[in-house]
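Single-structure report; data block below.
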Amino acid sequence: MQNNYHLPVLYNEVLDNIVQNKSGIYVDCTLGGGGHSEGILKTLNSDGTLIAIDQDDDAINFAKERLKKYSENLKVFKENFVNLDIVLYMAGFDKVDGILMDIGVSSKQLDNAERGFSYRFDAKLDMRMDQTQSLSAYEVVNEYSEEELTKIIFLYGEDRFAKKIAHEIVKRRTLKKIETTFELVEAIVAAKKVKSLKHPAKQTFQAIRIEVNRELEILEKTIDKAVDFLNVKGRLGIITFHSLEDRIVKNKFRELERSCVCPSDIPICICNTKPKVKIITKKPIIPNTNEVNVNNRAHSSKLRIIERV
C-alpha cells in the first residue's frame with residue numbers, strides 16, 4: 001500500500017501537546033491519510049479511544065487499511081467535522097480529552113488530477129472534498145455573478161486582481177462554459193498579466209476551493225462546538241496553512257479566553273462572563289528547518305492550542 005498522502009505536519013508537536021492522558025478519548029477531525037491518527041493511537045494505551053472524522057471516501061478507505069491493527073481503539077466516521085456533535089453522539093461520548101484539526105486540502109487530493117483541486121493538472125473543475133455534495137467549482141465559476149466571484153477571490157484568495165479575474169471569467173463563460181482547470185488558469189493568467197514567484201492561479205484556486213467546501217464558515221462553527229465537548233484540561237489543537245484560517249483561529253481563541261464582554265464604556269463588569277479556555281500557545285508552534293526540508297508542505301503550517309478551564 002503506497003502512502004501518497006502528505007506527511008503529517010508538526011507530528012511530534014501534536015502528540016506532545018494534545019495527548020495528555022494515555023487512557024483518554026481523542027478526536028482527529030481531519031483523518032486524511034491517518035498520519036496524526038496513527039501517532040495518537042500509538043501513544044494511547046489499550047483503554048484509550050480515537051474517533052476519526054473525514055468526508056472523503058478515498059481518505060477513509062486508505063486510513064482504515066493503514067490503521068486496521070488499531071481497530072479496537074478506533075472509530076471512523078464519514079462526516080464533515082462541523083457535525084462533531086452528531087459524531088460524538090453516535091460514538092457514545094459526551095466529553096473528550098483532546099481534539100485535533102489539520103485544516104485544508106491534502107497533498108493526495110491536490111495530486112489526484114481527477115479531483116480538480118490543482119492548477120497543475122488539466123481536469124474537470126470539481127474541488128469537492130465530499131464528492132456527494134452538489135456544489136462544485138464548476139458551478140461557482142460558471143454560475144456565480146461577477147460581483148460574487150470578485151468577493152470570494154478577494155476575501156478568500158486575498159488577490160488584488162480579483163475584479164479583473166472575475167470580469168475575465170464572466171467574459172469567457174458567455175462564449176463557452178469554463179469546464180476544466182486549465183481553462184480557468186488561462187482566464188486568470190489573461191486577467192493578471194504579471195510575473196510572480198507564485199503561480200498566478202494559486203490564490204484564485206484557493207478561494208474557489210474554500211467557497212465550494214465552506215471551509216472558513218465551518219472552521220469557526222466547529223471551534224465553538226469542540227470547546228464545549230472538552231473535559232477540563234482537555235486540549236484543542238488546530239493546524240492552519242494560510243493567514244485566513246490562522247486569523248480565524250487566533251481571534252476565536254482570544255474570544256474564548258476573554259473574561260469580560262461588556263462594552264468598553266461601562267466602568268465595571270456586569271456580564272459575569274468567565275473564560276472557557278486558556279491559550280497554551282501565545283505564539284503558534286511552527287515547523288523546524290529539518291521538517292520543512294523534508295516536507296515542503298509544512299513551511300506555512302502553524303499549530304495553535306487551547307486548554308479547557
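Every read-out reported here was derived from the displayed coordinates using simple, explicitly stated rules and does not represent laboratory data. Predicted, not measured: the structure shown is a model, and the values here were computed from it. Cβ coordinates were reconstructed from backbone atoms using ideal geometry, including for glycine residues, and neighbour counts include every protein chain displayed.
Pairing the Cα long axis of helix 162-175 with the longest principal axis of the chain, what angle in degrees results, from 0 to 90 and rounded to the nearest 10? Rounded to the nearest ten degrees, it is 60. Assuming a ≥ b ≥ c are the square roots of the Cα gyration tensor eigenvalues, decide whether region 114-213 counts as rounded (a/c under 1.5), prolate (otherwise, with a/b larger than b/c) or oblate. It is rounded, given that a/c, with a ≥ b ≥ c, falls under 1.5. When 188, 153 are arranged by Cβ crowding within 10 Å, least crowded first, meaning fewest neighbours, the order is 188, 153. Give me the distance in nm between label points sitting 7 Å out from Cα along the Cα-to-Cβ direction at residue 268 and residue 289, one decimal. Computed distance between label sites residue 268 and residue 289 equals 5.6 nm. Residues 62, 117, 241 in ascending order of nearby Cβ atoms (within 10 Å, fewest first): 241, 62, 117.
With the charge dipole of the chain set up from +1 on Lys and Arg Cβ and -1 on Asp and Glu Cβ about the Cα centre, the Cα lying farthest toward the positive end among the listed residues 113, 306, 263 is that of 263. The long axis of helix 57-66 is offset from the longest Cα principal axis of the chain by roughly 40 degrees. Please report the spacing between the Cα centers of region 11-63 and region 183-228 in Å, no decimals. Going from one Cα centre to the other spans 27 Å. Once both labels are positioned 7 Å from their Cα atoms along Cα-to-Cβ, the gap between residue 85 and residue 134 label points is 2.5 nm.
Lysine pair count for region 86-193 (Cα-Cα distance under 21 Å; residues 8 or more apart in sequence or on different chains): 23. Measuring r between the beta carbons of residue 93 and residue 189 and using R0 = 41 Å, the FRET efficiency lands at 0.25.
Name the residues of region 112-133 whose amide N is less than 12 Å from a point 7 angstrom out from the Cα of residue 57 along the C-beta direction? In region 112-133, the label zone of residue 57 (backbone N under 12 Å from the point 7 Å along Cα→Cβ) covers 130-133. Rounded to the nearest 10 degrees, the inclination of helix 146-157 to the longest alpha-carbon principal axis of the chain is 50 degrees. The sum of -39500 (n - 2.57) across all DSSP H runs of n ≥ 4, divided by the residue count of the chain, sets its helix-only mean residue ellipticity at 222 nm to -12500 deg cm²/dmol.
Charged side chains reduced to their Cβ positions (Lys and Arg at +1, Asp and Glu at -1) give the chain a dipole of some 860 debye around its Cα centre. By other beta-carbon atoms within 10 Å, ranking 194, 19 with the fewest at the front produces 194, 19. For Kirkwood radius over Cα pairs in Å, the value calculated from this model appears in [x] 23.0; [y] 20.7; [z] 22.2 under label [y]. Placing unit charges on each Cβ (+1 for Lys and Arg, -1 for Asp and Glu) gives region 114-213 a dipole about its Cα centre, and among 145, 127, 190 the Cα reaching farthest toward its positive end belongs to 190. Amide H contacts of residue 77 (H built 1.01 Å from N, in plane; Pro and chain starts excluded): 52, 53, 54 sit under 5 Å, all sequence-distant by 5 or more or on other chains.
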